[in-house]
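Below is one structure, written out as structure tokens, with a few remarks after it.
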């Protein structure tokens, strides 16, 4: 959706699902020609394949076949793959799937079939399936028994299909417990009434829905998030939202509403309402808030009303006696508008703003978050101290601008500072002083080199947990990092070595990313870190294996010069003098234990 802009914070753990370690094994007994085989993972994407390849290892858990030219999934294509957990067939030319094709996959949980040419939901899908994505196909109908017996299915994504209301047969979702459905970019003219009653999220954006009627949400009592943006909705019948008392977020942006929908004050859990780009010309004091002091309601964290006839930033604060967000993103603004005194979150990303003067912020005292990313701001165009006055500010987003220097001074309350994708090549001596609460600092994609870090600018940031320095010009490891650090990102630099004992001062490190550097040899005990879970050293020049802690869950060392991968060794098992294993053999049970 338009309002869900990427944070662009280079998160080191972007997924909630367990990642299968990508540990290359040169001695795999079988691997399809042209593919890359790792431990239980087979990558065959972007190879121009016209069919699913043979010789896939039988213990494979994930197969990546996206971006090929596969036209059909045949009966025996998945034969023997009884452990398969995830199958990605996105962006192929699949128009036919044999009814028995998925019969061997007794453990399949995730199936990705988006951007193909399927005209219906495949029959006889595994009953174990939890997530099905069939976006951008040619599905016109959902038959009654399409999901029969699939009690584990929780996520269904089928946007961008030519599906209308008549295409959903009665009983199509009978017996399933789907929590998340997205049927956006389709041909729906009204809200479907036959979807599962278990729904928590319903996304019907970019359809042709014209109205919300009283009975539309009768089945969806537990709904928490509703997406109806970019439709043709003119009317919302009074009482419609009373059937979804647990709703927390409603998207009605880019419709044809002339007034705020009725019933919002009675939704006591509602926190976010998107109403921008409608025809709303007037706001009433009771449009959002319940009348009477005894009625309790959650505080709003965001109300979006821009691009309406009403100038919502001129509305009196009494209309909104609760915290507000101000959304002015994606509006081609060249200057910052005057900010109301009660605003706490300010979103100005994706504009053409070049300067940050103090004037628009004259009466602002409660700001907690400012997003000025994706603009054209330069350091000398930021008024000195403009940010320092905000004593409650905890997040500042300035990534994707034209900053040449660090924008100091900043308030001591700041916790997250994002400065990636700028032109920063200098850090003045006191630039990072007075920021004791910083937990996350992103400086990726700048022009920082070793000389800039000689002054040890991070040493006094005692609460720093995540530091992103990827895509800079570093040749050595940054000096004197604080012991609080947990996530360190240094990929795409020119670092050639890691000093021995470098991480002794960083015992809390959980994730280290150093891919695409010039690392050659690493002291064998460098990563003897009790909390290390993720280690990415891919695309370097490593020639021999180092000690890998047993706590590690995600290891990436692809594209190095390692001739043979040793099994995981503890320090006691590693003979430093002879640089070889002290055990002569490894049983199959040992290997399985190490993988787990």
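The values are calculated or read from the model by the stated rules, or taken from the named source; none is laboratory data. Model, not experiment: these values are computed from the prediction. We place every Cβ from the backbone using ideal geometry, glycine too, and count neighbours over all the protein chains shown.
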Test for residue 396: is it in contact with a strand residue (DSSP E or B) (Cβ under 6 Å, 6 or more places away or on another chain), in contact (Cβ under 8 Å) with a residue 12 or more places away in the chain and within 17 Å of residue 431 (Cβ to Cβ): yes
Margin query: Considering only segment 216-230, I want to know if a residue exists there that is exposed (fewer than 15 other Cβ atoms within 10 Å of the Cβ), modelled with pLDDT of 95 or more and either touching a strand residue (DSSP E or B) at 6+ places or on another chain (Cβ under 9 Å) or within 19 Å of residue 278 (Cβ to Cβ) (or both).
Written below: no
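Being within 20 Å of residue 173 (Cα to Cα) and surrounded by fewer than 21 Cβ atoms within 10 Å (Cβ to Cβ) is the requirement here; does residue 115 meet it?
no
Okay, residues lined up against (1) modelled with pLDDT of 95 or more; (2) within 28 Å of the chain's Cα centre (by Cα); (3) not in a loop (DSSP other than H, G, I, E, B):
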{"residue": "136", "(1), (2), (3)": "yes, yes, no"}
{"residue": "149", "(1), (2), (3)": "no, no, no"}
{"residue": "156", "(1), (2), (3)": "yes, yes, yes"}
{"residue": "159", "(1), (2), (3)": "yes, yes, no"}
{"residue": "181", "(1), (2), (3)": "yes, yes, yes"}
Test residue 483 against the stated conditions and say whether it is over 23 Å from the mean Cα position of the chain (by Cα) and in contact (Cβ under 8 Å) with a residue 12 or more places away in the chain. yes
Condition set free of Cβ contacts under 8 Å to residues at least 40 places away in the same chain and not in a loop (DSSP other than H, G, I, E, B), scope segment 76-100, selection farthest from residue 61 (Cα to Cα): answer is 96
Q.
Against the definition (touching a strand residue (DSSP E or B) at 6+ places or on another chain (Cβ under 8 Å) and surrounded by 15 or more Cβ atoms within 10 Å (Cβ to Cβ)), how does residue 406 come out, yes or no?
A. yes
The condition of being surrounded by fewer than 21 Cβ atoms within 10 Å (Cβ to Cβ), in contact (Cβ under 8 Å) with a residue 24 or more places away in the chain and under 29 Å from the mean Cα position of the chain (by Cα) holds, among 275, 299, 267, only for 299
Next on the checklist: Taking the criterion of being modelled with pLDDT under 95, over 19 Å from residue 419 (Cα atoms) and in contact with a helix residue (DSSP H, G or I) (Cβ under 9 Å, 6 or more places away or on another chain), would at least one residue in segment 468-479 satisfy it?
Outcome noted: yes
The condition of being touching a strand residue (DSSP E or B) at 6+ places or on another chain (Cβ under 9 Å), surrounded by 16 or more Cβ atoms within 10 Å (Cβ to Cβ) and farther than 22 Å from residue 229 by Cα holds, among 157, 131, 169, only for 131
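If you go through segment 32-49, how many residues are in a loop (DSSP other than H, G, I, E, B), in contact with a strand residue (DSSP E or B) (Cβ under 9 Å, 6 or more places away or on another chain) and modelled with pLDDT of 90 or more?
Summing the residues that are in a loop (DSSP other than H, G, I, E, B), in contact with a strand residue (DSSP E or B) (Cβ under 9 Å, 6 or more places away or on another chain) and modelled with pLDDT of 90 or more in segment 32-49 gives 4.
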If we keep only residues of segment 239-256 that are in contact with a strand residue (DSSP E or B) (Cβ under 8 Å, 6 or more places away or on another chain) and surrounded by fewer than 20 Cβ atoms within 10 Å (Cβ to Cβ), then the residue nearest to residue 308 (Cα to Cα) is 249
By my count, strands (runs of 3 or more DSSP E) wholly in segment 273-363 with at least 2 residues that are over 24 Å from residue 234 (Cβ atoms) and at pLDDT 90 or above are 343-347
Among 488, 512, the single one that is touching a helix residue (DSSP H, G or I) at 6+ places or on another chain (Cβ under 9 Å), modelled with pLDDT of 90 or more, under 23 Å from residue 443 (Cα atoms) and in a strand (DSSP E or B) is 512
